[in-house]
Amino acid sequence: ALAALVALFPRAAAGEEGALATSAAALGKPAPDFTLTDLDGKPFKLSEQRGKTVVLEWFNPGCPFVVHAHAKGPLKDMGNRFAAKGVVWVAINSSAPGREGSGKDANVKARADFAMSYPVLLDESGTVGRAYGARTTPHLFIVDALGTLVYRGGLDNAPFGEVAGGGSLAPYVETALADLAASKPVGTPDTKPYGCSVKYAK
């Protein structure tokens, strides 16, 4: 069943992934700074979060992987839970105007439906998504208190809650945040994301 679902919603096309990979933010280096506006018109500037752990969650309310993660999966409470602990967690939607998941109204509705306590930032130009090499929704990035990119990749290894091959669950983002909270280096900083391709402008 998982294979069939993944086939229906393929990852970004190989050419698009290749183009993104050449310009993607580098692990262990300063995370690219940016300013985006949330759904209430309030600006969010990454560099102003220095001193805090920041999670960037690429988001598309029209993507079934995102819908599952927020309705039934780990994101149903993960972002809210860590935000309550002082982690700065933001969702970023890089869908271009007219493409799946775009538009303020769709995102306002999704944020309410998913009971997200944290902001959704709109990146309709795709500039921030491309700077980070965001390929899928969800695709997660973690920036430490010094402003360094310390994790990029999947939420976990279980699209739609299923681990391929019947293996054990690896909660990559939870584990990375636990490492940071314990003042340890992130043990697994780079993993493969899954989900729908980010709907950048063509």
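The values are calculated or read from the model by the stated rules, or taken from the named source; none is laboratory data. Keep in mind that what you see is a predicted model, and the values were worked out from it rather than measured. Cβ atoms come from the backbone with ideal geometry, glycine included; neighbour counts cover every protein chain shown. With ligands, DNA and RNA removed, areas are computed over all heavy atoms of the protein, side chains included. Shrake-Rupley method; radii C 1.70, N 1.55, O 1.52, S 1.80 Å.
If you go through segment 189-201 one residue at a time, do you hit one that is in a strand (DSSP E or B), charged (D, E, K, R), surrounded by 20 or more Cβ atoms within 10 Å (Cβ to Cβ) and at negative phi? Before you say what the answer is, go through the steps one by one.
Of segment 189-201, the ones in a strand (DSSP E or B) are 190, 196-197.
Subsequent filtering for residues that are charged (D, E, K, R) retains 190.
Now restrict to residues that are surrounded by 20 or more Cβ atoms within 10 Å (Cβ to Cβ): none.
Scanning segment 189-201 turns up no residue that is in a strand (DSSP E or B), charged (D, E, K, R), surrounded by 20 or more Cβ atoms within 10 Å (Cβ to Cβ) and at negative phi.
How many residues are part of a loop (DSSP other than H, G, I, E, B) and open to solvent by 50 Å² or more (accessible area, probe 1.4 Å) when one looks only at segment 143-170?
So the answer is 4.
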Scanning segment 103-128 for residues that are of a type outside the set (A, V, I, L, M, F, W, C), open to solvent by less than 30 Å² (accessible area, probe 1.4 Å) and farther than 19 Å from Thr53 by Cα gives Gly103, Asn107, Asp123, Gly126
Could you go through segment 116-125 and let me know if any residue there is aliphatic (A, V, I, L, M), part of a helix (DSSP H, G or I) and modelled with pLDDT of 95 or more. no
Sole miss for Gly133 among (1) within 12 Å of the chain's Cα centre (by Cα); (2) buried (at least 22 other Cβ atoms within 10 Å of the Cβ); (3) within 17 Å of Ala24 (Cβ to Cβ) is condition (2)
Being under 13 Å from the mean Cα position of the chain (by Cα) and open to solvent by 40 Å² or more (accessible area, probe 1.4 Å) narrows Pro74, Pro97 down to just Pro74
Flagged in segment 1-53 as open to solvent by 70 Å² or more (accessible area, probe 1.4 Å), modelled with pLDDT under 50, assigned to a loop (DSSP other than H, G, I, E, B) and within 21 Å of Asp190 (Cβ to Cβ), in numbering order, are Arg11
